[in-house]
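**Q** Below is the structure I would like to discuss, written out as structure tokens.
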Amino acid sequence: MKFLIDFFPVILFFVAYKLYDIYVATAVAIVGSMIQVSGFWLKHHRTEPMHLVTLGLLVVFGGLTIALHDRTFIMWKPSIVNWLFAAAFLGSHFVGKRPLIERMMSHAVEVPSPIWRRLNLMWSAFFLLAGLANLYVANGFFTAEHALIAASGQEEIDLATCGKLLSGELLDLCTTARSREETWVNFKLFGMMGLTIAFVIAQAFYLARHIKDTANPEETS
């Protein structure tokens, strides 16, 4: 349930994009993130740092996307979020007595300190790679958009309507750019969610092995 709550703004973004366009979807995601933070505070009388960081960056990058009518900002946002988390996990590895993942999970799981530190580095690497993956997919759109704009000689083209207004090579470029945009939106929800689920499952198996070793040392002697 908490996993779905964490992805609440992304799910709203995906639905709004399918119904309208990326700019409406961005506004909906901002509102969804505000609801997420407010609802969590009303229920638990505290806020999740991850939710606050996501809201802050959504307001900044989403606001720029809407104000400047430029998808670049909202497409960069997931990478920035992931890299900030990567930096936080990595920084906690060297600052303080316990790494960040231990502070988050030690109340529920007990494993040796070296395991926590190793897992903390794994999370840092995961967030780094997730940010790079997002940028890789987004760059496919940036390349297609640049080709369309260069061929048309215009500074901006509305992808929602260019399929009806253009023909020939420009229509092909418009279709490609629109397809790459949809690919990024799909990846933002299903790709990032799938990567996160896979990593969490791998983490659970890794922790389970060391919990068993800790609880039954005779079995490994």
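The values are calculated or read from the model by the stated rules, or taken from the named source; none is laboratory data. Keep in mind it's a predicted model, so treat the numbers as computed, not measured. With ideal geometry, Cβ positions are generated from the backbone for all residues, glycine too; neighbour counts draw on all protein chains shown.
**Q** Looking only at segment 70-105, how many residues end up being part of a helix (DSSP H, G or I), without any contact (Cβ under 8 Å) to a residue 12 or more places away in the chain and either farther than 19 Å from His51 by Cα or touching a strand residue (DSSP E or B) at 6+ places or on another chain (Cβ under 6 Å) (or both)?
**A** Adding up the residues that qualify gives 2.
Residues are listed down the side, and each one gets a yes or a no for (1) closer than 24 Å to Pro78 by Cβ; (2) in contact with a helix residue (DSSP H, G or I) (Cβ under 9 Å, 6 or more places away or on another chain); (3) modelled with pLDDT under 85; (4) assigned by TED's automatic domain parsing to the domain that holds Phe85:
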site: Ala133; (1), (2), (3), (4): yes, yes, no, yes
site: Leu148; (1), (2), (3), (4): yes, yes, no, yes
site: Glu155; (1), (2), (3), (4): no, yes, yes, yes
site: Leu171; (1), (2), (3), (4): no, yes, no, yes
site: Cys174; (1), (2), (3), (4): no, yes, no, yes
site: Thr183; (1), (2), (3), (4): yes, yes, no, yes
site: Phe190; (1), (2), (3), (4): yes, yes, no, yes
site: Thr196; (1), (2), (3), (4): yes, yes, no, yes
site: Thr220; (1), (2), (3), (4): no, yes, yes, no
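**Q** Looking at Ala138, Ala144, Ala125 in this structure, which one is in contact with a Leu (Cβ under 8 Å, 6 or more places away or on another chain) and of a type outside the set (Ser, Thr, Tyr)?
**A** Working: Ala138 fails: in contact with a Leu (Cβ under 8 Å, 6 or more places away or on another chain); Ala125 fails: in contact with a Leu (Cβ under 8 Å, 6 or more places away or on another chain).
From the options Ala138, Ala144, Ala125, the qualifying one is Ala144.
Residues are listed down the side, and each one gets a yes or a no for (1) touching a residue at least 12 places away in the same chain (Cβ under 8 Å); (2) among the aliphatic types (A, V, I, L, M):
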{"position": "Asp158", "(1), (2)": "no, no"}
{"position": "Gly163", "(1), (2)": "yes, no"}
{"position": "Leu173", "(1), (2)": "yes, yes"}
{"position": "Thr176", "(1), (2)": "yes, no"}
{"position": "Phe190", "(1), (2)": "no, no"}
{"position": "Leu195", "(1), (2)": "yes, yes"}
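**Q** Same structure, new question: With the requirement that a residue be crowded, with 17+ Cβ neighbours inside 10 Å and either modelled with pLDDT under 90 or of a type in the set (Gly, Ala, Ser) (or both), what does segment 76-87 give you?
**A** Within segment 76-87, Ser79, Ala86 meet the criteria.
**Q** Having 1 or more residues that are surrounded by 17 or more Cβ atoms within 10 Å (Cβ to Cβ) and either more than 17 Å from the chain's Cα centre (by Cα) or at pLDDT 90 or above (or both) is the bar; report the helices (runs of 4 or more DSSP H) wholly within segment 2-59 that clear it.
**A** On the way: elements: 2-6, 8-19, 22-44, 49-57.
Filter on segment 2-59 gives 8-19, 22-44, 49-57.
**Q** Take Ala147 and tell me if it is surrounded by fewer than 17 Cβ atoms within 10 Å (Cβ to Cβ) and either polar (S, T, N, Q) or assigned to a helix (DSSP H, G or I) (or both). I'd like the intermediate steps shown before the answer.
**A** On the way: surrounded by fewer than 17 Cβ atoms within 10 Å (Cβ to Cβ): yes; either polar (S, T, N, Q) or assigned to a helix (DSSP H, G or I) (or both): yes.
Yes: the conditions hold for Ala147.
**Q** I would also like to ask the following. Are any residues in segment 94-108 closer than 21 Å to Phe126 by Cβ and surrounded by fewer than 19 Cβ atoms within 10 Å (Cβ to Cβ), and if so, which ones? Full working, then the answer.
**A** As a first pass, look at segment 94-108 and keep what is closer than 21 Å to Phe126 by Cβ: 94-96, 98-106, 108.
Once the filter is applied, which keeps residues that are closer than 21 Å to Phe126 by Cβ and surrounded by fewer than 19 Cβ atoms within 10 Å (Cβ to Cβ), segment 94-108 yields Phe94, Val95, Gly96, Arg98, Arg103, Met104, Met105, Ser106, Ala108.
**Q** Could you run through segment 130-156 and say how many residues are aromatic (Phe, Trp, Tyr) and in contact (Cβ under 8 Å) with a residue 12 or more places away in the chain?
**A** 2
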